[in-house]
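Heads up, the thing below is written out as structure tokens.
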Amino acid sequence: MDDARRQQLTDIVAAKAGVDVACAARHLALHDDDVAAALRGIEAERYTLTQRLLNKYRRDPEDALQHVALAVLQQEGIGIGSDSVLRAERIAALAPPVAGMVMLAEWLAYVDWEGYDSALYVNIDAVAALIAGALDLPEVAANLLQTRDETVFEAQRPALAAAALLFIERHIALFP
């Protein structure tokens, strides 16, 4: 590749990634002048996995929460199909903010898999305490524990997911 083309690619990467020319040139060299790979490399260098997931899935907060929880489980080597008691113990051993978000994500997934009525009997006290305390959504927690109205919960669900993402952002250093 001639110097003019290399400079053009460097300028493109620098502009798209918002980095200086030296950084862009270094990443292009590392990725054999592949612009897309260089951009991914710069992003991986600048942001944690959780930050990248939040950026990618921000339009769907609940999907973002599920991806973050999955990343935590994968990083910790906690398999989806592992023994439920051991799995719960390993999740509980995580930093409390991380464990709470994984628990919430799994509970929301349980709602989708088994239905709202069944989910009300699975770890509901801990889920409600997390929602009322850490996420500061006492009305959502009260609905889960007292009213138990699925229609109300489904209306509150987007706010719950958005609050979970804000919570993750406040504790981002604890996540992968």
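Of all the accessible heavy-atom surface of the chain, with the other protein chains kept in place and a 1.4 Å probe, what percent is carbon and sulfur?
54 percent
Run the simple label-point estimate for residue 146 and residue 109 please: 7 Å along Cα→C-beta, distance reported in nm.
Label at residue 146, label at residue 109, 3.2 nm between them.
Taking a cut-off of 17 Å, what percent of all Cα-Cα pairs in the range 1-103 are separated by more than that?
That fraction is 62 percent.
Can you tell me which of 144-152, 168-176 comes out highest on packing, and rank the rest after it, using the mean Cβ neighbours within 10 Å?
Peptide ranking by packing, descending: 168-176, 144-152.
Can you tell me which of 100-110, 155-165 comes out highest on packing, and rank the rest after it, using the mean Cβ neighbours within 10 Å?
Final packing ranking: 100-110, 155-165.
Could you report the range 4-149's accessible area per residue, 1.4 Å probe, as an integer in Å²?
The answer is 54 Å² per residue.
Do you know the relative contact order of the chain, to the nearest whole percent, from alpha carbon pairs under 8 angstrom that are 6+ apart?
That works out to 19 percent.
Which label belongs to the value computed from this structure, given these candidates for Rg/Rh (Cα atoms, Kirkwood Rh): (i) 1.13; (ii) 1.36; (iii) 0.94?
(i)
The values are calculated or read from the model by the stated rules, or taken from the named source; none is laboratory data. Just so it is clear, the structure is predicted and the values come from calculations on it, not from any experiment. Glycine gets a Cβ as well: all are built from the backbone with ideal geometry, and neighbour counts include every protein chain shown. Note: areas computed on protein heavy atoms with side chains; ligands, DNA, RNA excluded. Shrake-Rupley method; radii C 1.70, N 1.55, O 1.52, S 1.80 Å.
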